[in-house]
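Step one of this worksheet: look at the structure below.
The values are calculated or read from the model by the stated rules, or taken from the named source; none is laboratory data. Since this is a predicted model, take the numbers as computed values, not measurements. Because the Cβ atoms are built from the backbone with ideal geometry, glycine has one as well, and the counts that use them run over all protein chains shown.
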Amino acid sequence: MSAERIDTAALKSEFARLFQPGGKTHIVRAPGRVNLIGEHTDYNDGFVLPMAIERAVYVVCRAREDGRVRLASTAFQGDLVEFSIQEKIQRGQPQWANYGRGMAAELLAAGMPLVGMDALVTNTLPVGGGLSSSAAILVGIGLALLTVEGLTIDPSRLALIAQKAEHEYAGVPSGIMDQSISAGAKAGHAMLLDTRDLTRQFIPIDANDVKVVVANSMVKHDHSASEYAVRRKQCESGVEHFRRHNPNIKALRDVSMTMLEAAKANLDEVVYRRCRHVITENTRTLDFATQITKKNYQQVGLDMLASHESLAADYEVSSPELDFLVAQSMQVNGVYGARMTGGGFGGCIVALAQPRVVDQLSETLNKMYSAEFKKQPDIFITNPTAGASVIE
């Protein structure tokens, strides 16, 4: 159940095998994240409350003097991707390497004087598990490119560059939450992020009171699939309706429930439900941050359950597996709340539980889920960790 630990010696040995030994190497860590609450609000200028987790992306890197970048990944054995920072960087195959191409291109566009780099990427995050492996890869490779040149950057700026790289090179219209938490998390805290102005407040999570338990359904999702873009377009359609009456409406962040209910008869029924989720989720996220600071864990749990119900019914991004894991979690006395986390259509749930019941929760989910779906969930406890850093 514990978070995976990386064997840095083995990673450096594999790097030397692929790229030849010698030279000064660094290891960069960029964490994944679990979003405690605030789902599908980030691209609507709303509020999110993620925390960085112990599972992470690691990049072993070494500078090159010829302006070439060579990338390899332990997840894609046999792929050795090469491109030059002295030429226009194009998208290409394999697709995973577009994260590296994108970060190099966008850092250069931001005025960073990069050098070449050899880099080996490894990942203890499940790909497609809703724990933001893509943002961690972007941030990790970006920090590696800066590190081999001896450059530093503000985490907020690195997050924005990573978001642009994901838009332009991976073709995913992501919000800013995942990159922000991977780049700028604070150990022992979640981050209440206002995605409109990028102001943040760090919210303490007392590990003596509550444990964060993540259960991966082992159903993979793909954010670049059509459903993510469809949801985003539906939200934009709602904004367009309200903007016709009030040009000051920039995003669903600016729409109240009173305004939404008044417009219900004139909105497409699906668009109405998408808007309702986003508006109520913003309210729940702010309440969660307030209540967990006060250690009012019962109310925190109710916010999580209401969030899941809204994601399942109004936003329609849950799945039978996620609904089952949430329902079974709530059968364990001492679990305050549970909800799907991430983009949906698979991936993970997150539960907040009393420390004394985490073993029982794990046993219950393993037993019930495997009986129902004939597969084992991947369950682990995690603590809120720091953001991306150079660990060696």
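Side notes on the structure shown:
- Count of residues meeting criterion [within 21 Å of the chain's Cα centre (by Cα), more than 16 Å from Leu322 (Cβ to Cβ) and part of a strand (DSSP E or B)] in segment 353-384: 3
- Any hit, segment 14-30, residues being under 17 Å from Ala162 (Cβ atoms), in contact with a Pro (Cβ under 6 Å, 6 or more places away or on another chain) and either assigned by TED's automatic domain parsing to the domain that holds Leu146 or not charged (D, E, K, R) (or both): no
- Criterion: buried (at least 16 other Cβ atoms within 10 Å of the Cβ), out of contact with any strand residue (DSSP E or B) (no Cβ under 8 Å at 6 or more places or on another chain), part of a loop (DSSP other than H, G, I, E, B) and not β-branched (Val, Ile, Thr) - qualifying residue of Arg196, Arg231: Arg196
- Taking the numbered list (1) modelled with pLDDT of 95 or more; (2) over 19 Å from Thr341 (Cα atoms) in turn, Ala185 passes all entries but (2).
- Residue in segment 131-145 that is more than 20 Å from Val60 (Cβ to Cβ) and either outside any helix (DSSP H, G or I) or touching a strand residue (DSSP E or B) at 6+ places or on another chain (Cβ under 6 Å) (or both) present: yes
- Looking at Gly171, Gly129, Gly175, just one residue is modelled with pLDDT under 90, assigned by TED's automatic domain parsing to the domain that holds Leu36 and at positive phi, and that residue is Gly171.
- Matching entry among Tyr297, Tyr272 (being closer than 20 Å to Val212 by Cβ and not polar (S, T, N, Q)): Tyr297
- Counted residues, segment 372-392 - those being more than 21 Å from Ala159 (Cβ to Cβ) and either of a type outside the set (A, V, I, L, M, F, W, C) or in contact with a Pro (Cβ under 7 Å, 6 or more places away or on another chain) (or both): 8
- Under the condition of being surrounded by 17 or more Cβ atoms within 10 Å (Cβ to Cβ) and either farther than 16 Å from Asn282 by Cβ or within 20 Å of the chain's Cα centre (by Cα) (or both), the residues counted in segment 306-315 number 6.
- Filtered residues of segment 306-329 (kept if closer than 15 Å to His277 by Cβ, among the charged types (D, E, K, R) and part of a helix (DSSP H, G or I)): Glu309
- In segment 46-98, the residues that are modelled with pLDDT under 95, aromatic (Phe, Trp, Tyr) and outside any loop (DSSP other than H, G, I, E, B): Trp96
- Identity of the residue in segment 264-305, free of Cβ contacts under 8 Å to residues at least 60 places away in the same chain and either outside any helix (DSSP H, G or I) or outside the structural domain of Cys235 (by TED's automatic domain parsing) (or both), that ends up surrounded by the fewest Cβ atoms within 10 Å (Cβ to Cβ): Lys294
- Number of positions in segment 165-191 that are surrounded by fewer than 18 Cβ atoms within 10 Å (Cβ to Cβ), in a helix (DSSP H, G or I) and within 16 Å of the chain's Cα centre (by Cα): 1
- Tallying residues that are hydroxyl-bearing (Ser, Thr, Tyr) and either under 15 Å from Leu114 (Cβ atoms) or free of Cβ contacts under 8 Å to residues at least 40 places away in the same chain (or both) within segment 132-168 yields 2.
- Any chance Gly102 is touching a residue at least 12 places away in the same chain (Cβ under 8 Å), touching an Asp or Glu at 6+ places or on another chain (Cβ under 9 Å) and surrounded by 24 or more Cβ atoms within 10 Å (Cβ to Cβ): yes
- Considering residues of segment 340-363 that are at pLDDT 95 or above and in contact with a Leu (Cβ under 7 Å, 6 or more places away or on another chain) only, the residue surrounded by the fewest Cβ atoms within 10 Å (Cβ to Cβ): Ala353
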